[in-house]
There are 2 protein chains.
Amino acid sequence: MKEKQVVTPFRSVDHQHSTCLNSVLVTAEHYCQQRGLKLTPLRRRVLELVWKTHEPVKAYDILQTLQAEKKGAAPPTVYRALDFLQQQGFVHKLESMNAYVGCGAPGQHHTSQFLICHICGVVAELDDYDIGELIGSKADSLGFKVSQLTIEIKGVCGSCQAA
Amino acid sequence: MKEKQVVTPFRSVDHQHSTCLNSVLVTAEHYCQQRGLKLTPLRRRVLELVWKTHEPVKAYDILQTLQAEKKGAAPPTVYRALDFLQQQGFVHKLESMNAYVGCGAPGQHHTSQFLICHICGVVAELDDYDIGELIGSKADSLGFKVSQLTIEIKGVCGSCQAA
DNA sequence: CAGATAATGTTATATTATAACATAACATAG
DNA sequence: CTATGTTATGTTATAATATAACATTATCTG
């Protein structure tokens, strides 16, 4: 069994989120610069808001913040930015929650598995080779060709079990 | 590797859907009778409509049909029936599509993995031991206790690849 | 600069789902 | 069999999520 790859871990007690967030933004800037993509102020701000915590964020919560900051934000404002960010792999949508989380491996092609703690709300992202592989092979044996995987795992994280 | 368990297969060319549907209804009736649950005409009708095909069905499409059949159906009519059917394990919700499919193993406790063909729309349901097991063990090694799994696999089914 | 393209603004509306309260159907104890 | 509680359904309204369509602005490119 190959080692599981944790893309976004559950936070350690000493997690410095401002550092974490800053690194996300720098990476995104860099990624876009390299490819001639435009991480406009709006898109950058939405990315920041998604990454405000390690919990899933709702589109309309982002909208509310934008509206408070500046007149004229409407649903398309948010959804377009989210579309861009998803296309570049900076954020993921959690289908089972209609909510968005930042991606821990921006720009790196990967399949994701999300662990979602329903106590504290925190999301961890895995890119586990074995899981993708196993599902692929099972599908394959049924003659099914996989193009997209949605794997969302709800439960209770370690810290919340301890508490 | 244990054998994959296919709960709802992709249909064979000679699939007799009326028989399939009838069997689903009989099973549900029986299941409810045994437990003193009420498969009311409304719930039964919604179950029928979900199982009208092997493709995911949208709540508002069901609503439309109900409204055509009988005055007075409203969103809660449908959502309540769907809730009941989901609780009894007669239907599943596909989170990534906001749509509903009939369950191939009604009343039997299981985790599901859905294979969804984006060409023909047909959904197959698996209850694969290995997948659940692997995900459980990976989560476990991160100290995460799984309570609910959402696994939805999009791609192209065998027949559609052939065609 | 002109024209093209991309991004954002703006208004409206579609789609999905639930809240809240009223009524009806049904079960069962007295 | 009837009062009472419970479950199911009816009804109205609204919340929550998302997109369509077209106008305007910014940016890029020749």
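The values are calculated or read from the model by the stated rules, or taken from the named source; none is laboratory data. Just so we're clear, the structure is a prediction, and the values are computed from it rather than from any experiment. Every residue, glycine as well, gets a Cβ built from its backbone with ideal geometry; the counts of neighbours run over all protein chains shown. Surface accessibility is based on the protein's heavy atoms, side chains included, excluding ligands, DNA and RNA. Shrake-Rupley method; radii C 1.70, N 1.55, O 1.52, S 1.80 Å.
Just a few scattered comments:
- When the Cα gyration tensor is reduced to axis lengths a ≥ b ≥ c, the ratio a/c is 1.5 or higher for the stretch B:1-71, and with a/b not above b/c it is classed as oblate.
- Interface of B with A. Using a 1.4 Å probe and counting protein heavy atoms only, the two chains hide about 3100 Å² of accessible surface, both sides summed.
- Computed from label points 7 Å out along Cα-Cβ, the spacing between A:E69 and B:Y60 is 3.1 nm.
- Taking θ as phi - 60° and the Karplus parameters 6.51, -1.76 and 1.60, the scalar couplings of the stretch A:95-111 work out to 5, 6, 10, 6, 8, 10, 9, x, 8, x, 9, x, x, 8, 5, 6, 9 Hz in sequence order, x denoting glycine and proline.
- Accessible surface of the stretch A:12-163 [probe 1.4 Å, protein heavy atoms]: carbon and sulfur percent: 51
- Accessible area per residue for the stretch A:86-136 is 35 Å², calculated with a 1.4 Å probe on protein heavy atoms, without ligands, DNA or RNA.
- Antiparallel %, DSSP beta bridges [both residues in the stretch B:6-162], to 5: 75
- Cα-centre dipole for the stretch A:6-162 with unit charges at Cβ (Lys and Arg positive, Asp and Glu negative), debye to 20: 700
- In this calculation the C-beta distance from B:L142 to B:T27 is compared with R0 = 45 Å, giving a FRET efficiency of 0.75.
- Taking B:K38, B:K58, B:K138 as the candidate residues, the one with maximal mean-square fluctuation in a Gaussian network model of chain B, Cα springs under 10 Å, is B:K138.
- For chain A, the longest principal axis of the C-alpha atoms and the axis of helix A:59-69 are separated by about 20°.
- Accessible-area value, A:R44, 1.4 Å probe, nucleic acids and ligands omitted, Å²: 70
- Efficiency of FRET between B:K38 and B:A162 - r from beta-carbon atoms, R0 45 angstrom, step 0.05: 0.55
- Principal-axis analysis of the Cα atoms of chain B puts helix B:75-87 at an angle of about 40° to the longest axis.
- Under the criterion of Cα pairs below 8 Å and six or more residues apart, the relative contact order for chain B equals 27 percent.
- Residue among B:V146, B:L25, B:H109 farthest towards the positive dipole end of chain B, charges placed on Cβ: B:L25
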